[in-house]
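Encoded as structure tokens, the structure appears first; notes follow it.
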Amino acid sequence: MRAFIPVKRSERLPGKHFLKLGDRRIIDIVFHKVNSVTDARIVSTFPVDLPSILDNSKNIMQLLHSLSRNYDEFMLIAGDMPFFTVDDLMLLLDSYRGRTVIPKHKNGKIEPLFAIYSDTIEMGTSLTSMVNKNTQWIDASKFSDYAFLNINTMNDYQNALLMMKKYIK
């Protein structure tokens with residue numbers, strides 16, 4: 001199964017994917033974990049120095065729609081979530097039974113950027129509306145504590161620097 005890691009220009013924290021946690025960039029941490037379990041590619045609107053494909057979609061909804069048209073099944077992992085573990089990826093893969101599988105929290109929040117997709121996704125008005133049909137939900141509490149923590153702001157990055165010694169391996 002191919003995995004895609006979306007990387008786009010961030011308005012809140014420019015260059016966030018290329019900030020370092022310890023001696024590695026966030027994108028390197030994410031890429032190497034994903035690539036350790038399945039064939040990974042960065043999907044970006046600009047050149048990246050890792051195995052990648054260029055993307056001209058304007059948002060994550062267009063990207064998901066496009067990927068679903070070109071691949072029967074694929075994993076999508078956000079490029080700004082460095083604290084998931086390989087075990088988290090294996091839990092996602094082990095839960096896959098030929099249907100889209102997405103972690104869902106008890107409060108109803110979903111994690112569509114840490115998921116496996118198997119169906120053609122029709123464009124919608126929101127990412128949530130696009131992924132709700134024929135989806136197998138997996139309890140998000142089964143994943144590691146900070147699996148879904150993404151880095152969007154300077155405050156997030158500063159907190160990540162404090163956490164990295166414990167969670168980045």
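Values quoted throughout were computed directly from the atomic coordinates according to the rules given, and no laboratory measurement underlies them. What you are looking at is a predicted structure, and each value in this text was computed from that prediction instead of being measured. Methodologically, a virtual Cβ is constructed for each residue, glycine included, from the backbone with ideal geometry; neighbour enumeration extends over all protein chains shown.
For the stretch 114-169, just say rounded, prolate or oblate: build the C-alpha gyration tensor, square-root its eigenvalues into a ≥ b ≥ c, call rounded for a/c under 1.5, and beyond that prolate if a/b exceeds b/c, oblate if not. Verdict is prolate for the stretch 114-169. When you count the other C-beta atoms within 10 angstrom of each residue and take the mean per peptide, 137-146, 85-94 line up highest first as 85-94, 137-146. In terms of its C-alpha gyration tensor, the stretch 58-143 has a rounded overall shape, because the principal axis ratio a/c (a ≥ b ≥ c, square roots of the eigenvalues) stays below 1.5.
Contact order, relative form, for the chain: 25 percent (alpha carbon pairs under 8 Å, 6 or more residues apart, mean separation divided by residue count). Working note: Cα atoms of the stretch 1-100, range along each principal axis, descending, whole Å: 37, 30, 22. Summarising the label geometry, the points placed 7 Å from Cα in the beta-carbon direction at Ser126 and Met154 lie 3.1 nm from one another. Mean silhouette area of the stretch 2-167, derived from the convex hull of its C-alpha atoms and averaged over all directions, reads 9.2 nm².
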